[in-house]
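J.: After the structure tokens below, expect a handful of questions from me.
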């Protein structure tokens, strides 16, 4: 199969990544690339190592073997300050949303700007906050508290907080988990809109086939600690492989 992304800049390169905890092997010989401007979905059942993978990418966990290069930097070779600088270029949408319950929506979005974009004036921060909220359709929620928002609204605000600092790479950890099907599809559509508007490169960790169908330019399926299959959506849907058919049939 010809890889359409072969000639594009690689913003993430992973080679022979292995990670385990004690006697439990979680990831074995994982190798793949994320191209600039690409949305790559990583599929797998719960417990297949998807979240461990993205924690290794941002240096929250250390790989046992293999190499991870992000934006041309070898993650394992970075000191704490260099790692902090790299993370400023990466947006991380947590499965839970991870909003600060004691802060208003505006304060939640202002927090990363104060840490990452210190050069901005207050006026420019306010403009970026409004723009990010408008991009997720929730400008009217500016002064609300997270407790006043529905699950879908909280997820949208979390996405706005992630994009407000203009990351180059987006990492989505189960972005549609816990949402009803209609809201889940709305969040998935927002992910594609973010890709187009901000020219981000995104890694989308999910077991939601509908999310993958809407968002992904390419898919990887994890099974039994390894990459089981990699390709375009239609290759997965047309596959006669029993494991792939069983995974897609469930949804």
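Throughout, read-outs are computed from the coordinates displayed, never taken from laboratory work. A quick note: this is a predicted structure, and the numbers were derived from the prediction, not measured. A quick note on method: Cβ atoms are made from the backbone with ideal geometry, for glycine too, and the neighbour counts reach across all protein chains shown.
J.: Pop the C-beta distance of residue 147 and residue 210 into the FRET formula with R0 = 22 Å and round what comes out to the nearest 0.05.
T.: 0.20
J.: By how many degrees, 0 to 90 and rounded to 10, does the Cα axis of helix 181-198 deviate from the longest principal axis of the chain?
T.: 80 degrees
J.: Express in nm, to one decimal, how much length is gained between residue 60 and residue 31 on full extension, taking 0.36 nm for each residue of separation and deducting their alpha carbon distance.
T.: 8.6 nm
J.: What percentages make up the Cα-Cα pair-distance distribution of the stretch 40-149 when the bins are 5 Å wide from 0?
T.: 2, 10, 16, 18, 16, 15, 14, 7, 3, 0
J.: By count of other Cβ within 10 Å, fewest leading, how are 105, 75 ordered?
T.: Least crowded to most crowded, the residues run 75, 105.
J.: Any chance you could run the full-extension gain for residue 100 through residue 13? It's 0.36 nm times the residue separation minus the Cα-Cα distance, nm to one decimal.
T.: Here the segment from residue 100 to residue 13 would lengthen by 28.1 nm.
J.: Sticking with the crude label model, points 7 Å out along Cα→Cβ, report the distance from residue 239 to residue 131 in nm, one decimal please.
T.: That separation, rounded to one decimal, is 4.0 nm.
J.: Would you mind listing how long the chain runs along its three principal axes, going by Cα atoms, in whole Å with the largest first?
T.: 52, 43, 38
J.: In nm, to one decimal, how far is the residue 46 label point from the residue 117 one, both placed 7 Å along Cα→Cβ?
T.: Going from the residue 46 label point to the residue 117 one covers 3.7 nm.
J.: Another question, if that's okay. Taking the Cα centroid of the stretch 47-72 and of the stretch 189-246, what is the distance between the two, rounded to the nearest whole Å?
T.: Cα centroid of the stretch 47-72 versus Cα centroid of the stretch 189-246: 18 Å apart.
J.: Which ordering of 172, 228 is given by a fewest-first count of other beta-carbon atoms within 10 Å?
T.: Arranged by neighbour count, lowest to highest, 172, 228 become 228, 172.
J.: Compute and list, largest first, the equivalent-ellipsoid semi-axes of the stretch 196-251 from the alpha carbon gyration tensor, each √(5λ) rounded to a whole angstrom.
T.: Calculated on Cα positions only, the semi-axes equal 21, 12, 10 Å.
J.: Quickly work out the residue 196-to-residue 124 label distance, labels modelled 7 Å from Cα along the C-beta direction, and quote it in nm with one decimal.
T.: That separation, rounded to one decimal, is 2.8 nm.
J.: What order do you get for 179, 61 when you list them from fewest to most C-beta neighbours inside 10 Å?
T.: Arranged by neighbour count, lowest to highest, 179, 61 become 61, 179.
J.: Okay, next question. Over all directions, how big on average is the projection of the convex hull of the alpha-carbon atoms in the stretch 107-243, in square nanometres?
T.: With the hull built on Cα positions only, its mean projection is 9.7 nm².
J.: Among DSSP beta bridges lying fully in the chain, give the percent that are antiparallel, nearest 5.
T.: 55 percent
J.: Now for a different question. Round to the nearest 0.05 the FRET efficiency obtained for residue 23 and residue 226 when R0 = 25 Å and r is the Cβ-Cβ distance.
T.: My answer for the efficiency is 0.90.
J.: How large, in Å, is the stretch 6-69 by the Kirkwood hydrodynamic radius built from its alpha-carbon pairs?
T.: Result for the stretch 6-69, one decimal place: 12.4 Å.
J.: Using the reciprocal of the averaged 1/r over all distinct C-alpha pairs, how large is the Kirkwood radius of the stretch 91-166 in Å?
T.: About 12.1 Å, per the Kirkwood formula over Cα pairs.
J.: Further question: Please give the helix 122-135 orientation as an angle from the longest Cα principal axis of the chain, in degrees from 0 to 90, rounded to the nearest 10.
T.: In the chain, helix 122-135 runs at an angle near 50 degrees to the longest axis.
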